[in-house]
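Below is one structure, written out as structure tokens; the observations come after it.
The values are calculated or read from the model by the stated rules, or taken from the named source; none is laboratory data. Predicted, not measured: the structure shown is a model, and the values here were computed from it. Quick reminder, even Gly has a Cβ in these numbers, built from the backbone with ideal geometry, and neighbours come from all protein chains shown. The protein model used for the area step is the full one, side chains on, heavy atoms only, and it has no ligands, DNA or RNA in it. Shrake-Rupley method; radii C 1.70, N 1.55, O 1.52, S 1.80 Å.
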Amino acid sequence: DDWVGLPDWATVDVDGTPYYIGLDAFDTIQKAIDVAVDGNSIRVLSGTYEEDISIDVNNIEIFAGGTTIKGVATEPWGSWPYAVPNIDIQADGVSIHGFDIESPDVPDGSYSSGMVLTGTDVEIYDNNFISIGDGDGGCVAIQTYRDDVPGYNSDISGLDIHDNTFSGTPDVYVGVFINHTVE
């Protein structure tokens, strides 16, 4: 009875049981993604979620207001251009909006890969990207994989990035980086 009157987008059906995303069903965004299916929408309640996430569900919408996703993983500069995504979008038709998306606190000599995507028809909008680092640390807010990375699709047709803000403190900072094609 607790679910009566909730809109369809507010629930995910897990083995016949509906859960309200972010209320008391899942304590991380990744756990909600892990049970979502094609076509679901995930509304993330306000707060700070310190986690790296991987999105492999097609046609999914993830949205919020007053919510921060703070990345975790960084890599030493010697690993460049190896990408270790804080948000890894490997699905088609993904929409992410309404977040403050913050990099990890990137230490001197390291970098953060940020949001890395391979899917088609991805829409990223109304987010605030904030990169944080010291010394010669570096951050990329949004990037694509190169087409020579095994197992990743380099077709990003339909990519729509709009109405976002970008700010950062690292010495090396990139807002949006479309990786090159290797021939």
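Within the stretch 1-17, the set of residues being surrounded by fewer than 17 Cβ atoms within 10 Å (Cβ to Cβ) and modelled with pLDDT under 55 comprises Asp1, Asp2, Trp3, Val4, Gly5, Leu6, Pro7, Asp8, Trp9. Number of residues in the stretch 65-91 that are open to solvent by less than 20 Å² (accessible area, probe 1.4 Å) and in a strand (DSSP E or B): the value is 5.
Does the stretch 45-57 contain any residue that is more than 12 Å from the chain's Cα centre (by Cα), of a type in the set (A, V, I, L, M, F, W, C) and under 13 Å from Ile29 (Cβ atoms)? Within the stretch 45-57, one or more residues are more than 12 Å from the chain's Cα centre (by Cα), of a type in the set (A, V, I, L, M, F, W, C) and under 13 Å from Ile29 (Cβ atoms). Cβ-Cβ distances below 6 Å connect the following pairs, each with a first residue in the stretch 150-173 that is under 18 Å from Ile101 (Cα atoms) and of a type in the set (A, V, I, L, M, F, W, C), a second residue that is modelled with pLDDT of 75 or more and open to solvent by less than 60 Å² (accessible area, probe 1.4 Å), and a separation of six or more residues or different chains: Ile161/Ile124; Phe166/Phe129; Phe166/Ala141; Phe166/Gly175; Val172/Gly138. Among the residues that make up the stretch 34-46, is at least one of them buried (at least 16 other Cβ atoms within 10 Å of the Cβ) and at pLDDT 95 or above? No.
Answer yes or no as to whether Asn86 is at pLDDT 85 or above and closer than 19 Å to Asn179 by Cα.
Yes, satisfied.
Looking across Val116, Val94, Val106, one residue alone is under 17 Å from Val44 (Cβ atoms) and open to solvent by less than 10 Å² (accessible area, probe 1.4 Å). It is Val94. For Tyr173, only one of the following conditions fails: (1) at pLDDT below 90; (2) under 25 Å from Asn58 (Cβ atoms); (3) part of a strand (DSSP E or B). What is its number? Among (1) at pLDDT below 90; (2) under 25 Å from Asn58 (Cβ atoms); (3) part of a strand (DSSP E or B), Tyr173 violates only (2).
Would you check if Ser157 is at pLDDT below 90 and open to solvent by 20 Å² or more (accessible area, probe 1.4 Å)? In short, yes.
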